[in-house]
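Asker: Pasting a structure here, questions to come.
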Amino acid sequence: MSEIPTPIAAKPRFERLGAKDLRVLIVWILLGALGVFVAWHFYFQAFPEASINFQVSRDEALNRAKNFLTQQGALLDGYESTIVFSVDDNVKTYLERTVGLEQANKLMSTEVNAWHWEIRFFRPQQKEEFRADVNPEGRIVGYEHVVEEARAGASLERDAAQTLAAKYLQAQYGDDLARYDFLPEESNPTERPNRRDWSFTWQLRGFRAPDNSDGAPYRINVSVLGDQIGGATEFLKVPEAWQRDFQRMRSRNDLIEDIAIIPYMFLLSAAFWFIFELSRRGGVRWSSPLWIGIFFALLWFFMSVCNWPLIRAEYDTNSSYSAFALGQIAYAALLSIIQALLVTIAVAPGEPLYRISQPSRIQLFKAWKLPGLRSKEFFIAGIIGVSLAAVHLGYVVVFYMVGKKFGVWAPQDISFDDSTSSILPWLGALAVGMYAAASEEFLFRLFAIPFFHRVTRSKIIAVILPAFMWSFLHSNYPQEPAYIRGIEIGLIGIVAGLVMLRWGILATLVWHYTVDATLGSLLLLRSASPYLRIS
């Protein structure tokens with residue numbers, strides 16, 4: 001490797017757009033318009049959306065859970081509550097892959113409990129708590145009363161406990177209970193220190209998914225704690241053999257990602273080495289990288305704090321609530337620092353190498369000041385970045401539409417996610433989009449392309465190699481075959497590398513942020529809430 005020259009700091013220049021610039025921008029805008037057209041018209045063909053008919057809001061689901069639990073004798077005064085939307089990915093994936101998307105949607109919208117509002121009532125440092133699951137139509141599909149194992153209670157015989165469980169189901173299901181057969185072989189007692197608990201199971205008659213002897217049956221399980229109902233749950237019993245096969249298949253995704261971490265660690269090590277060398281020569285000015293790191297640390301921490309309604313749902317009542325809160329704050333702070341360090345480690349050596357390889361470009365840290373924002377370079381990069389994002393969205397749609405004809409599989413989207421439970425729902429798309437754009441573009445484009453060009457003397461290798469090093473780190477996504485995400489992202493990574501070489505890192509930063517923030521905010525954009533749409 002040749003000696004590292006001293007970086008040159010280019011100043012923003014005020015220039016008019018020439019005829020060639022206009023031609024380039026028109027081509028990019030037209031390509032972007034084509035990408036938007038394809039994504040708009042064919043997105044849900046490439047990525048079908050699960051059919052969830054939300055007939056009750058989260059607030060209404062909470063009220064229904066309270067009313068139901070009160071009817072079961074629960075005294076909820078003084079209890080705190082959490083509510084999250086829960087998806088049984090195991091059931092959802094099984095149905096998608098065994099009966100097809102159309103039939104899976106039909107089953108999950110009518111007969112099979114695959115998603116629900118999960119409502120929890122608890123008191124800090126008290127074992128006893130209550131949980132209720134409310135499906136999108138507003139029906140109670142799950143109930144649990146958690147008590148201490150040592151709590152005193154009756155020790156009913158099988159027939160008495162079964163009668164109690166059947167009486168509960170009759171009250172909840174009415175005549176529909178006649179469609180279920182009792183499974184005596186699934187009746188199991190559990191001896192507690194001061195009582196006997198029971199578990200009973202009923203199975204929907206004539207139902208299998210898919211409709212054959214190996215298909216999954218639909219069941220209701222009822223637990224009896226002493227002489228009280230302890231809970232009831234509707235569930236699709238996914239065959240264990242299928243689960244094992246699917247886990248083996250998913251393990252290939254994880255294996256590819258694990259392998260991809262090796263070159264990623266090599267790249268980080270190279271970044272550390274360049275930090276040392278450039279610092280020794282005075283080529284790294286630390287103030288700007290550190291300010292960028294501080295910005296991302298605060299952004300990530302604030303996003304984590306806004307997710308507190310979701311975090312509370314995982315609180316273990318065996319521990320102190322204040323200790324839990326402090327622990328989560330400490331964890332969020334630590335994770336924020338780590339995330340910020342990854343950005344700093346990439347940008348500190350990447351920006352000087354970028355200026356060495358492209359000395360005519362605006363210094364990255366000056367691009368966000370007023371002179372940089374008013375420059376022709378920033379304007380062109382912004383237009384090209386947004387246009388490339390639109391092209392990217394159209395490309396992904398075409399990639400998976402064509403891929404499906406060759407056996408490529410991607411799971412259905414869910415028209416609801418955890419972001420709506422955040423204090424500021426829009427902050428997730430903003431923070432994740434900004435962090436992904438900064439951390440990945442700084443490492444895999446800003447640093448990696450000049451680095452590999454210096455090592456290999458080949459611009460082709462310098463563009464292709466980091467593109468696929470980056471792409472295969474996304475292999476743990478559920479798409480199949482296991483390598484398909486690496487191919488999909490690697491191809492667009494090559495395009496991004498070429499764009500960076502021709503129009504600079506600003507264009508790829510704008511592209512990367514726009515794609516991630518757009519995909520992350522699709523749910524908000526399609527929400528019925530004006531606040532979510534506007535934000």
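The values are calculated or read from the model by the stated rules, or taken from the named source; none is laboratory data. Model, not experiment: these values are computed from the prediction. Every residue, glycine among them, receives a Cβ derived from its backbone with ideal geometry; neighbour counts consider all protein chains shown. Side chains are part of the model used for accessible areas, which takes the heavy atoms of the whole protein and leaves out ligands, DNA and RNA. Shrake-Rupley method; radii C 1.70, N 1.55, O 1.52, S 1.80 Å.
Asker: Kindly list, by first and then second residue, each pair from a residue in the stretch 332-343 that is within 11 Å of I294 (Cβ to Cβ) and in contact (Cβ under 8 Å) with a residue 60 or more places away in the chain to a residue that is in a helix (DSSP H, G or I) and not acidic (D, E), limited to pairs with Cβ atoms under 8 Å and residues at least 6 apart or on different chains.
Answerer: V343/I292; V343/G293; V343/F296; V343/Y435; V343/A438; V343/S439; V343/F442
Asker: Can you tell which of E185, E149 is modelled with pLDDT under 95 and not in a helix (DSSP H, G or I)?
Answerer: Of the residues listed, the single one that is modelled with pLDDT under 95 and not in a helix (DSSP H, G or I) is E149.
To keep it simple, each residue is scored yes or no on (1) open to solvent by less than 30 Å² (accessible area, probe 1.4 Å); (2) assigned to a loop (DSSP other than H, G, I, E, B); (3) among the hydroxyl-bearing types (S, T, Y); (4) modelled with pLDDT of 90 or more.
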residue	(1), (2), (3), (4)
A270	yes, no, no, yes
W273	no, no, no, yes
G283	yes, yes, no, no
G293	yes, no, no, yes
L298	no, no, no, yes
V305	no, no, no, yes
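Asker: Residue check: is L169 without any contact (Cβ under 8 Å) to a residue 40 or more places away in the chain, within 27 Å of S109 (Cβ to Cβ) and touching a strand residue (DSSP E or B) at 6+ places or on another chain (Cβ under 9 Å)?
Answerer: no
Asker: Considering only the stretch 118-129, state which residues are touching an Asp or Glu at 6+ places or on another chain (Cβ under 7 Å) and either under 14 Å from E234 (Cα atoms) or surrounded by 17 or more Cβ atoms within 10 Å (Cβ to Cβ) (or both).
Answerer: Scanning the stretch 118-129 gives E118, R120, F121, F122.
Asker: Among the candidates V398, V386, single out the residue that is surrounded by fewer than 16 Cβ atoms within 10 Å (Cβ to Cβ), in contact with a helix residue (DSSP H, G or I) (Cβ under 7 Å, 6 or more places away or on another chain) and modelled with pLDDT of 95 or more.
Answerer: V398
Results for (1) modelled with pLDDT under 90; (2) touching a His at 6+ places or on another chain (Cβ under 8 Å); (3) hydrophobic (A, V, I, L, M, F, W, C); (4) open to solvent by 90 Å² or more (accessible area, probe 1.4 Å), shown as yes or no for each residue.
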| position | (1), (2), (3), (4) |
| --- | --- |
| F37 | no, no, yes, yes |
| H41 | no, no, no, yes |
| Q45 | yes, no, no, yes |
| P48 | yes, no, no, no |
| I52 | yes, no, yes, no |
| L69 | no, no, yes, no |
| L76 | no, no, yes, no |
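Asker: Does F324 satisfy the condition of being under 30 Å from M249 (Cα atoms), of a type in the set (F, W, Y) and either open to solvent by less than 40 Å² (accessible area, probe 1.4 Å) or in contact with a helix residue (DSSP H, G or I) (Cβ under 9 Å, 6 or more places away or on another chain) (or both)?
Answerer: Against the criterion (under 30 Å from M249 (Cα atoms), of a type in the set (F, W, Y) and either open to solvent by less than 40 Å² (accessible area, probe 1.4 Å) or in contact with a helix residue (DSSP H, G or I) (Cβ under 9 Å, 6 or more places away or on another chain) (or both)), F324 does not qualify.
Asker: Being out of contact with any strand residue (DSSP E or B) (no Cβ under 6 Å at 6 or more places or on another chain), in a helix (DSSP H, G or I), open to solvent by 30 Å² or more (accessible area, probe 1.4 Å) and modelled with pLDDT under 95: is that true of T518 here? Outline the logic, then answer.
Answerer: Values: out of contact with any strand residue (DSSP E or B) (no Cβ under 6 Å at 6 or more places or on another chain): yes; in a helix (DSSP H, G or I): yes; open to solvent by 30 Å² or more (accessible area, probe 1.4 Å): yes; modelled with pLDDT under 95: yes.
Yes.
Asker: Moving on to the next point. Given the options V238, V224, name the one that is open to solvent by less than 60 Å² (accessible area, probe 1.4 Å), within 38 Å of the chain's Cα centre (by Cα), β-branched (V, I, T) and under 30 Å from H474 (Cβ atoms).
Answerer: V238
Asker: Of L169, L204, L177, which residue is in contact with a helix residue (DSSP H, G or I) (Cβ under 7 Å, 6 or more places away or on another chain) and surrounded by fewer than 17 Cβ atoms within 10 Å (Cβ to Cβ)?
Answerer: Testing whether each residue is in contact with a helix residue (DSSP H, G or I) (Cβ under 7 Å, 6 or more places away or on another chain) and surrounded by fewer than 17 Cβ atoms within 10 Å (Cβ to Cβ) leaves just L177.
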